Every structure is written in C-alpha cells, then in structure tokens.
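These notes concern the structure reproduced below.
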Amino acid sequence: MIYIHRGKIYKNIRENSFKGFKLSINQGFNVETDVHFIKNNTPVCFHDFNLKRLKKVNKKIKNLNQNDLKKFKIIKLKTLIKLLKKETRLLVEIKPFLDKKKIYIFCKLIKKNKKNISVISFKEKNLIQLRNFDKNLKLGLIFNDNKNLNFIKSKLKQKHINFFVLHRSKFRNKKIDILNIKKIYYTFKNIKLKKTKKSKDLIIENILN
C-alpha cells in the first residue's frame with residue numbers, strides 16, 4: 001500500500017495542501033498528513049509547530065484563528081476527510097501532545113471514517129490516551145531511525161499499538177521483517193513502484209515526478 005507523504009505527489013505541489021491531497025486521491029493513492037490544533041482546538045493539516053519555514057512568519061500553529069487559516073492557506077482536517085473516496089486510506093500523524101478536549105474533538109471528527117483512518121504519532125502517550133478513549137481506533141507508533149531492534153521489539157505487545165511506522169533505514173532489515181506486526185516505512189522520494197515489494201506499505205513523496 002502506498003501513502004503520499006503530506007499529499008506531495010509532485011515536487012511543485014505544496015505539502016499538506018488541498019491541491020496535493022485532491023490530486024493524490026484522484027490518482028488512486030492513499031495519503032498521509034500531519035495534524036496540529038489551532039486556538040479553538042480545530043485540527044488542521046500542517047507539519048511544523050511554527051509558520052516560519054513555510055510562511056516566513058514567526059507564529060505558532062496553536063495560536064492561529066479561523067481567519068489565519070484562510071490567510072495562510074492552511075486546510076482543516078475536516079476538509080481533507082471530505083475528499084476521501086470509499087477506498088482511500090488516510091494516515092494522520094498527531095504532532096503535539098493531546099489533552100482531553102483535543103482527543104474528544106479529534107475522535108468525534110473521524111468517527112464516521114474510522115475504517116479509512118489510522119492515527120500515528122512519535123508520542124506514545126498520545127496513542128495510550130486515544131486507545132483509552134476509543135478501543136477501535138487503528139493506532140501506529142512512529143520510530144526514529146536511531147531506535148534499535150530491542151527497543152522496537154519492546155513495543156510489540158502493547159495494546160495501544162496496532163502497527164509500527166519505521167524509518168526507511170529499516171526497510172531491508174530481515175530481523176524487522178519477521179516481527180509479527182504490520183509495518184509502514186517512511187519516507188521515500190521518487191521511488192519506482194516496480195521496485196517496491198508489494199507486501200510492504202510505504203510513505204512516498206514526489207511519486208509522479
């Protein structure tokens with residue numbers, strides 16, 4: 001299964017943009033996005049904690065309001081979910097730590113699309129809290145590339161983890177391959193589909209360049 005990283009299906013497409021997500025979905029791909037929460041706790045599709053890199057403005061996402069979303073062309077997670085087709089799968093990476101209010105708002109938003117949506121995070125605490133709120137969510141723990149095999153194996157039987165999201169450096173690791181859990185690998189660029197193993201799930205960007 002292929003997921004388009006932040007909807008960047010072409011190099012000239014802006015990450016986490018409406019255009020990128022729509023093109024990716026219309027091409028028959030699944031998509032991955034990052035989620036932050038603005039001032040009123042609305043979930044939005046944006047990677048960084050600050051606007052500085054992409055918008056050249058030193059302002060934190062958590063301090064944005066609804067008008068800022070239009071000004072900086074940031075889309076709501078709700079908007080992306082409406083683009084999904086029946087067969088489209090969506091990976092949602094939660095970037096900040098979640099509090100109870102954010103968990104409630106987020107889970108209410110994805111409730112009708114839970115079969116299509118999986119939630120991932122580097123922050124294991126987020127997964128624990130989400131599992132406590134909804135036992136049926138599909139949750140994945142993301143590992144940095146520096147995590148060793150023993151650490152990864154220690155997470156195998158955790159009830160709040162359904163699958164692993166692993167760095168591409170672990171892609172051809174036979175000891176990782178035999179672990180009895182679903183695995184998704186990130187992030188590949190300009191990869192040729194014919195060279196990928198059909199049994200492996202990948203997060204890719206610029207796939208049509």
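The values are calculated or read from the model by the stated rules, or taken from the named source; none is laboratory data. Remember, predicted model here, so these are calculated numbers, not experimental data. A quick note on method: Cβ atoms are made from the backbone with ideal geometry, for glycine too, and the neighbour counts reach across all protein chains shown. Ligands, DNA and RNA are stripped out before the accessible areas are found, and what is left, the full protein with its side chains, is counted by its heavy atoms. Shrake-Rupley method; radii C 1.70, N 1.55, O 1.52, S 1.80 Å.
Only protein atoms count toward the accessible area here, which uses a 1.4 Å probe; on segment 23-85, the carbon and sulfur part of that area reaches 49 percent.
In the Gaussian network model of the chain, springs joining C-alpha atoms below 10 Å, which of LYS11, LYS56, LYS102 carries the largest mean-square fluctuation? Judging by the Gaussian network model, the answer is LYS56. Contact order for the chain, expressed relative to its length and based on alpha carbon pairs under 8 Å spaced 6+ residues apart, stands at 20 percent.
Given a 1.4 Å probe and every protein chain left where it sits, what share in percent of the accessible area of segment 129-180 is carbon and sulfur?
Details: 1470 of 3330 Å².
Roughly 44 percent of what the probe reaches on segment 129-180 is carbon or sulfur.
Shape of segment 129-179 from the C-alpha gyration tensor: prolate (a/c of 1.5 or more and a/b above b/c, with a ≥ b ≥ c the square roots of its eigenvalues).
Restricting segment 103-146 to trypsin sites (Lys or Arg not before Pro) that sit in a DSSP loop and have at most 11 other Cβ atoms within 10 Å of their own Cβ leaves LYS115, LYS135.
Entry note, the chain: the mean residue ellipticity at 222 nm calculated from DSSP H runs of n ≥ 4, each adding -39500 (n - 2.57), is -6500 deg cm²/dmol after division by the residues and rounding to the nearest 500.
Given charges of +1 on the Cβ of Lys and Arg and -1 on the Cβ of Asp and Glu, with all other atoms neutral, how large is the dipole of the chain about its Cα centre, in debye to the nearest 20?
Details: 56 positive and 14 negative charges, 31 e Å.
Dipole about the Cα centre, nearest 20: 140 debye.
Let me know the shape class of segment 1-95, please: from the alpha-carbon gyration tensor, a ≥ b ≥ c as square roots of the eigenvalues, rounded when a/c is under 1.5, otherwise prolate if a/b is greater than b/c, or oblate. In terms of gyration-tensor shape, prolate.
All other residues whose Cβ lies under 10 angstrom from that of ARG14 are scored, Lys and Arg at +1 and Asp and Glu at -1, for a net of +3. For the residue pairs LYS62/LYS100; LYS11/LYS183; LYS125/LYS157; LYS85/LYS182; LYS82/LYS112, the alpha carbons lie more than 20 Å apart in LYS11/LYS183; LYS85/LYS182. Rolling a 1.4 Å probe over the protein heavy atoms gives the chain an accessible area of 56 Å² per residue.
Distance from the alpha carbon centroid of segment 63-137 to that of segment 21-38 works out to 12 angstrom.
Mean-square fluctuations from a GNM of the chain, with a 10 angstrom spring cutoff on Cα atoms, peak among PHE72, PHE163, PHE18 at PHE72.
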